[in-house]
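*Asks:* Shown below is the structure under consideration.
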Amino acid sequence: MRGKLHLAQAKSNRGPRGRKNDFGDGERWLKRLVAGELILSFVPEPEQRLWRTVSRQKLPLTRQRVRLQNQLDSLLEEAHIKLSSRLSDLLGITGRRIVDALAKGVSDPAALAALADPNIKATPEQLAEALSAAAELNPIYRRLLKMHLTELDLVEAQILQWEKELACLLQPHQDAVQRLAEVPGLGVDSAQQIIAEVGPTAATFPSAKCLASWVGTCPGVEESAEVSNSSRSPKGNRNLRRLLNQAAHAAVKTKGSIFEVVFQRLLHGLEYKEAIWAIAHRLCRLIWKILHDGVPYKELGPAVGAKAKRVRTARMIRELRKLGYRVEPLAPAGIANLG
């Protein structure tokens, strides 16, 4: 015997007050289901569940990469090499070159400082001073550095592989990925994770309010005797809440965007975290509009400079090509077509 499973939460389908009875609750739920009044939980289709499985694999790998970076920094500090005091990104181009050279046995501070990119703020003399302990570095530290770098390379290769797998699965919905990636604060990777969570058209949610409530970005309501005790947001989808919070921080820093203007206005009456969460709520409603109605993002804030547009377009094209998408420029202005 086969049947269709309906999943519902008791909190969303409360019955009249009185003594609780499991048989009575089940009978009442069945009547509501037949009448079309039962509020069902969102259960994605098998294909979308596969998207979620792949997209959620990146978070633990990213956290592991951050942990390895912190361990690498701590190991260098223990060896009296103050490289992080001169470089903002220890695993950037310059930092990776210097750490690789240290692991391979280079001990001359001047030779290590010469590996730096000429565009960094630190001078060669400052880098050489920070790397002065490399001349007497114990061989054990070099072997430990090599082990950390090997593990780091493995984690980064796995992250890239998961990104390619997700891009391959979402290839039929690349138009939705492109439309979401154009939103300030979002990108190709964020767009793919959002589609994996809510679907390519967000068809399960009849309105933007329903999506915001399901994600948990809307204000909560906890009242007693007509007195509001708390307006804390409800618990929702943890992955989307984290993603929207990060996107909100990036959106308010995008020069010339409407989110920058709204955020500055919200700061006059709200605290910083509250204003960021309000931007996340707006982003959530905007995501529903773009996916559900199939419309592109249109910037309503102050006009963004031509240089910023070119930089953003080039970055998006580079990210899409790295994930396997075929992008063909249509005009010199930076407009591109995804194939």
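*Asks:* Look through the range 10-47, keep the residues that are polar (S, T, N, Q) and at pLDDT below 75, and return whichever of them is farthest from V198 (Cα to Cα).
*Replies:* Filtering the range 10-47 for residues that are polar (S, T, N, Q) and at pLDDT below 75, the one farthest from V198 (Cα to Cα) comes out as N21.
*Asks:* From the list E77, E129, which one is exposed (fewer than 14 other Cβ atoms within 10 Å of the Cβ), outside any loop (DSSP other than H, G, I, E, B) and either out of contact with any Ser or Thr (no Cβ under 8 Å at 6 or more places or on another chain) or in the same structural domain as L152 (by TED's automatic domain parsing) (or both)?
*Replies:* E77
*Asks:* Here is a follow-up. Only one of (1) surrounded by 15 or more Cβ atoms within 10 Å (Cβ to Cβ); (2) among the hydroxyl-bearing types (S, T, Y); (3) closer than 25 Å to E125 by Cβ fails for S85. Which number is that?
*Replies:* (1) is the only condition that S85 fails.
*Asks:* Something else now. Taking D100 as the residue in question, decide whether it is surrounded by fewer than 15 Cβ atoms within 10 Å (Cβ to Cβ) and either in contact (Cβ under 8 Å) with a residue 40 or more places away in the chain or outside the structural domain of T150 (by TED's automatic domain parsing) (or both).
*Replies:* Taking the combined requirement at face value, the residue satisfies it.
*Asks:* For the range 278-293, check the following and say yes or no: at least one residue is at pLDDT 85 or above, surrounded by fewer than 11 Cβ atoms within 10 Å (Cβ to Cβ) and either farther than 25 Å from A176 by Cα or of a type outside the set (S, T, N, Q) (or both).
*Replies:* The answer is yes; a qualifying residue exists.
*Asks:* Please count how many residues of the range 256-290 are touching a Pro at 6+ places or on another chain (Cβ under 9 Å) and among the acidic types (D, E).
*Replies:* 1
*Asks:* Residue under question is I317, and the condition is that it be of a type outside the set (F, W, Y), within 30 Å of C168 (Cα to Cα) and at pLDDT below 80; does it hold?
*Replies:* So I317 fails the test.
*Asks:* Hey, another quick one. When the residues of the range 41-67 are narrowed to those that are surrounded by fewer than 15 Cβ atoms within 10 Å (Cβ to Cβ) and polar (S, T, N, Q), which ends up nearest to P172 (Cα to Cα)?
*Replies:* Looking at residues that are surrounded by fewer than 15 Cβ atoms within 10 Å (Cβ to Cβ) and polar (S, T, N, Q), I get T53.
*Asks:* Checking the conditions here, which among L68, L59, L72 is at pLDDT 80 or above and farther than 30 Å from E129 by Cα?
*Replies:* L59
*Asks:* Considering only residues that are closer than 20 Å to G92 by Cα and surrounded by 15 or more Cβ atoms within 10 Å (Cβ to Cβ), which ones fall in the range 132-147?
*Replies:* Matches in the range 132-147: A134, R142, L144, L145, K146.
Every residue, every condition in (1) buried (at least 17 other Cβ atoms within 10 Å of the Cβ); (2) of a type outside the set (F, W, Y); (3) at pLDDT 90 or above, yes or no:
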site	(1), (2), (3)
C218	yes, yes, no
E226	no, yes, no
G236	yes, yes, no
L244	yes, yes, yes
K253	no, yes, yes
L270	no, yes, no
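*Asks:* A further question follows. Restricting attention to the range 80-124, and to residues there that are among the β-branched types (V, I, T) and not in a helix (DSSP H, G or I), which single residue is farthest from E151 (Cα to Cα)?
*Replies:* Among them, the one singled out is T123.
The values are calculated or read from the model by the stated rules, or taken from the named source; none is laboratory data. Keep in mind that this is a model prediction, so the values were computed, not measured. Virtual Cβ from ideal backbone geometry, glycine too; neighbours counted across all protein chains shown.
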